[in-house]
Amino acid sequence: MTAKSQTKREAVVVFLTTAAIALLVALYFVPTWWVALTAPNYPPEAFPDGVRINFHMNGVFNGCRKVEKAEIEEDVVLDCVHEMDTINHFVGMYPIAAGGVVEKAYSPFLFTLLGVMLVGFMIKNPKARVGVMAVGFGVTAVWMYLTMFGKDGIDYQNHGYVAAMVTSLDQTEFEKEAAEEENLHPIVAELRRAMRGDTGQATEKKPISVATEKSKEDNIAALRSTFENDQKRKPSGEQLAWNGSNLQILDWHYEKSLGRWFNNPAEIGPMVATTSLVAHILFWVILAGMVFLLVAAWRTGSLLYWLLVVVPMLLPVFFIMEYSAWLWWYGHSLNEMGAFTLKPFMPTVFGQGKVAQFATHSYPNIGFGLMVASSVLLALAALIRLKSLRAERNGED
């Protein structure tokens with residue numbers, strides 16, 4: 001193989017892989033899948049997309065649009081995450097935030113892991129590849145540790161993840177309470193704050209805003225305020241001090257999400273304990289995976305070497321499997337406290353289905369398209385690299 005031909009092929013591999021990484025970065029910030037409910041009591045004039053939510057890699061967000069019509073007045077867009085949770089709870093379904101809790105928390109680190117793997121795949125020299133990957137994995141590991149275990153680690157999470165946590169709990173709660181107190185007699189308002197354990201003067205009344213429109217700092221403040229108020233309601237021996245680590249907030253938020261409609265501690269407790277255990281185990285699994293990948297990357301062209309590109313290439317498959325598994329869990333974990341009784345069922349993964357009087361719609365969004373496009377580019381890059389390595393071994397051009 002001539003040097004010129006080899007250089008050309010490697011340039012194509014680098015270009016394709018770089019483009020695939022760019023698509024992976026982009027898809028993290030756009031919706032990957034959408035789900036909507038339609039019914040006669042949600043007319044298309046007021047709900048042109050039905051009750052719609054968008055699934056992102058870091059959370060679930062409102063998919064409803066503000067209706068701009070003369071006969072319909074809307075000051076703010078309807079929060080369809082809350083609306084769908086309200087609909088679902090009548091049949092005993094847990095809130096949307098109860099799914100993929102650990103995956104959402106670790107998503108920035110997992111995507112960074114995929115990015116480092118692909119950068120390693122682009123580098124053909126084994127020593128340079130392992131060195132670059134070791135630095136990338138090291139930075140990711142420190143970031144992950146500080147976020148998950150460190151004091152105020154939630155500060156290192158992305159804005160979308162924090163906003164989704166606030167939205168899922170309808171947590172403009174601290175603003176709602178302040179707004180309610182503004183309408184009370186001053187003595188009654190002060191008594192209410194005293195009974196709640198608050199100190200200091202009443203805060204200035206603020207307009208209730210959507211979590212995605214607020215800064216990450218304000219959303220974290222909302223979570224902390226709600227967390228601390230929750231702790232004040234517990235017996236003194238069970239109260240926890242806020243440390244702001246992602247794992248502390250994850251455990252508390254999951255418990256609060258599960259108990260939002262069905263507050264049964266005997267049932268919720270084991271679910272929270274299991275999720276917390278999985279979150280801790282996944283931390284060490286990711287670290288072990290980094291070490292394994294460094295070993296796998298040492299020999300160019302070995303069977304394990306191809307994991308660097310095959311794993312990111314299969315991301316659409318992993319997503320569908322994960323999404324389907326959680327839909328199965330929602331449909332087979334119906335709480336008996338629901339107002340209506342349904343037999344366990346499998347919600348629609350793709351296409352249109354029906355639950356009670358609601359039509360369900362579930363389809364890929366732009367993020368899934370970017371994911372598939374990234375996989376196609378990686379498949380081409382892998383084939384070119386494979387052909388190049390075979391030609392080198394055989395002494396061909």
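The values are calculated or read from the model by the stated rules, or taken from the named source; none is laboratory data. Here the structure is a predicted model, which is why all the values come from computation and not from measurement. FYI the Cβ positions are ideal-geometry reconstructions off the backbone, even for glycines, and counts take in every protein chain you see.
Quick notes
- Pick from the stretch 86-121, criterion buried (at least 20 other Cβ atoms within 10 Å of the Cβ) and in contact with a strand residue (DSSP E or B) (Cβ under 8 Å, 6 or more places away or on another chain), ranking: modelled with the highest pLDDT: Lys104
- Filtered residues of the stretch 34-53 (kept if under 18 Å from the mean Cα position of the chain (by Cα) and under 19 Å from His89 (Cα atoms)): Val35, Arg52, Ile53
- Filtered residues of the stretch 1-46 (kept if over 25 Å from Met313 (Cβ atoms), in a helix (DSSP H, G or I) and among the charged types (D, E, K, R)): Lys4
- Counted as qualifying within the stretch 141-254 are the helices (runs of 4 or more DSSP H) with 2 or more residues that are at pLDDT 90 or above, namely 159-168, 216-232.
- Filter result (of a type in the set (Phe, Trp, Tyr) and exposed (fewer than 13 other Cβ atoms within 10 Å of the Cβ)) within the stretch 319-342: Phe340
- Total residues in the stretch 298-317, condition closer than 18 Å to Leu110 by Cβ and either surrounded by 13 or more Cβ atoms within 10 Å (Cβ to Cβ) or outside the structural domain of Phe368 (by TED's automatic domain parsing) (or both): 10
- Checking Gly269 against (1) over 22 Å from Leu223 (Cα atoms); (2) assigned to a helix (DSSP H, G or I), the condition it does not meet: (1)
- Scope the stretch 229-269; condition surrounded by 16 or more Cβ atoms within 10 Å (Cβ to Cβ) and charged (D, E, K, R); matching residues: Asp251, Glu255, Lys256, Arg260
Listed here are the residues, each with its yes/no results for (1) in contact with a His (Cβ under 7 Å, 6 or more places away or on another chain); (2) surrounded by fewer than 16 Cβ atoms within 10 Å (Cβ to Cβ).
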position: Leu293; (1), (2): no, no
position: Pro344; (1), (2): yes, yes
position: Gln357; (1), (2): no, yes
position: Leu370; (1), (2): no, no
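- Which numbered condition Lys66 misses (of (1) at pLDDT 70 or above; (2) within 29 Å of Phe319 (Cβ to Cβ)): (2)
- Check on Ala11, of a type in the set (A, V, I, L, M), surrounded by fewer than 15 Cβ atoms within 10 Å (Cβ to Cβ), without any contact (Cβ under 8 Å) to a residue 24 or more places away in the chain and assigned by TED's automatic domain parsing to the domain that holds Tyr363: yes
- Test: residue in the stretch 324-344 that is in contact with a helix residue (DSSP H, G or I) (Cβ under 8 Å, 6 or more places away or on another chain), of a type in the set (S, T, N, Q) and in contact (Cβ under 8 Å) with a residue 60 or more places away in the chain: yes
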